[in-house]
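The values are calculated or read from the model by the stated rules, or taken from the named source; none is laboratory data. These figures come from a predicted structure and were not determined experimentally. Note: ideal-geometry Cβ built from the backbone for every residue, glycine included; neighbour counts use all protein chains shown.
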Amino acid sequence: MANSKMYKCFKEVTDCIEENEDYDEIRRDLARSILCGPELQTKGKILQPKSELRRGFKNKYSAFLSLIRQSQLPEALWAHYKYSLPKAKILQNYKINKSDWHVLEKFISDTLANDDSLPQILAAIQHHAFEENNIRYEVIFDEKAMDDILIAATEGYLSPKKQGGTYYETFGVCLGTMTNIQNARSNTKSEKRIIHVSKCPPQISSQASYDRFKPMDESYAALEKVRKHSFPQFSIVGEFHSHPYDNLADLRDCRGRKNSEKDAKRWAWAKKSGDYGDLHFALVVAITQLRKKRAVGMRYLTDNHLCFNIEDLRVHLSGTRILSSGNLSERNLKIRFSKMMA
Ligand SMILES: [Zn+2]
């Protein structure tokens with residue numbers, strides 16, 4: 001039996017419109033708003049019921065939409081219809097309450113799936129634009145987590161897998177926690193998510209060459225065993241891999257940060273499949289040899305891109321957001337170290 005807060009709110013709204021003469025129209029309007037989520041709220045205005053039942057409708061409706069906005073339900077429904085992702089995956093990926101899903105998905109299907117408005121709406125909405133512009137991320141690496149990444153990238157650069165071999169990319173996952181911070185001002189839709197990264201184990205079994213890597217599925221199962229046993233409070237929140245370069249000129253050519261097309265495809269696919277953690281960001285660690293040891297302090301080029309030296313190596317760290325839709329963005333992402341904040 002569904003009895004969540006969202007369900008109660010939804011029931012109040014639908015009770016308001018039930019015996020209304022414009023019932024069908026209002027119902028379609030409501031379904032569209034749920035599916036479009038916060039995006040439609042700026043563009044459209046829901047019809048007001050005309051009957052006695054309308055009392056308090058506006059407040060109930062905005063309370064309901066505010067719950068929708070806080071959830072990932074619009075994105076989840078959108079992903080469900082657009083990509084035909086199975087229900088179990090959706091619930092897991094978007095952290096949706098099962099009974100909320102049951103009630104609201106049925107409402108959308110009953111209301112919109114029988115006419116041709118659903119495909120039209122799906123074509124019109126781009127949920128990632130909302131997420132990209134209105135949700136800000138701050139990813140804070142614990143000192144130890146960043147050390148893990150730097151050791152892995154440096155080993156991949158300096159220690160070939162076989163004698164006479166060349167450098168290779170190293171890959172690993174970022175484990176930590178995420179906190180949502182709603183903006184206190186009621187009329188703004190912006191939101192901040194703080195991710196604390198506590199562990200970044202390199203994936204020992206991943207296959208890698210100088211310009212690519214291939215993660216191993218079995219490695220995730222192994223990690224999951226240890227995670228449940230030793231650090232159940234953390235989950236996979238992102239991943240990292242290194243881009244090794246021959247020299248500084250090569251690294252500069254791509255501004256030390258360019259993600260390959262292959263990277264973009266992998267992140268989009270990994271995000272949608274949900275089998276590789278709830279990926280919110282990816283970090284590329286570009287690394288190269290300098291001619292001589294140079295003391296250069298840490299320098300931010302942008303919020304999500306910084307560089308520094310380790311002895312005679314130059315390192316660039318650049319972060320990319322992976323949106324729910326699988327699209328990538330460098331907007332509203334800040335990379336920080338807990339060491340710097342102390
Ligand atoms: Zn790459």
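List of remarks:
- Leu283 vs. criteria within 16 Å of the ligand (Cβ to nearest atom), assigned by TED's automatic domain parsing to the domain that holds Val315 and not in a loop (DSSP other than H, G, I, E, B): yes
Conditions tested, residue by residue: (1) surrounded by fewer than 20 Cβ atoms within 10 Å (Cβ to Cβ); (2) at pLDDT below 95.
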residue: Ala222; (1), (2): yes, no
residue: Lys225; (1), (2): yes, no
residue: His229; (1), (2): yes, no
residue: His241; (1), (2): no, no
residue: Leu251; (1), (2): no, yes
residue: Cys254; (1), (2): yes, yes
residue: Lys262; (1), (2): yes, yes
residue: Phe281; (1), (2): no, no
residue: Ile287; (1), (2): no, no
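- The selection criterion, being assigned by TED's automatic domain parsing to the domain that holds Leu317 and in contact with a Phe, Trp or Tyr (Cβ under 7 Å, 6 or more places away or on another chain), holds for Tyr167.
- Counting only strands (runs of 3 or more DSSP E) wholly contained in segment 293-342, the ones carrying 1 or more residues that are touching a residue at least 60 places away in the same chain (Cβ under 8 Å) occupy 305-310, 313-322, 333-337.
- Looking only at segment 232-275, residues that are within 23 Å of Met146 (Cβ to Cβ), in a helix (DSSP H, G or I), within 11 Å of the ligand (Cβ to nearest atom) and free of Cβ contacts under 8 Å to residues at least 60 places away in the same chain come to 2 in all.
- Residues (over 30 Å from Gln70 (Cα atoms) and loosely packed, with under 15 Cβ neighbours inside 10 Å) located in segment 156-180: Leu158, Ser159, Pro160, Lys161, Lys162, Gln163, Gly164, Gly165, Thr166
- Looking at Leu306, Leu317, Leu323, just one residue is away from the ligand (no atom under 15 Å from the Cβ), touching a strand residue (DSSP E or B) at 6+ places or on another chain (Cβ under 9 Å), over 23 Å from Asn93 (Cβ atoms) and not charged (D, E, K, R), and that residue is Leu306.
- With respect to the conditions (1) in contact with a Lys or Arg (Cβ under 7 Å, 6 or more places away or on another chain); (2) outside the structural domain of Leu65 (by TED's automatic domain parsing); (3) at pLDDT below 80, Tyr83 lacks only one, and its number is (2).
- Residues in segment 218-231 that are of a type in the set (D, E, K, R) and free of Cβ contacts under 8 Å to residues at least 40 places away in the same chain were compared, and the one that is nearest to the ligand (Cβ to nearest atom) is Glu218.
- Residue list for segment 192-217, restricted to those being in a strand (DSSP E or B) and without any contact (Cβ under 8 Å) to a residue 24 or more places away in the chain: Gln207, Lys214
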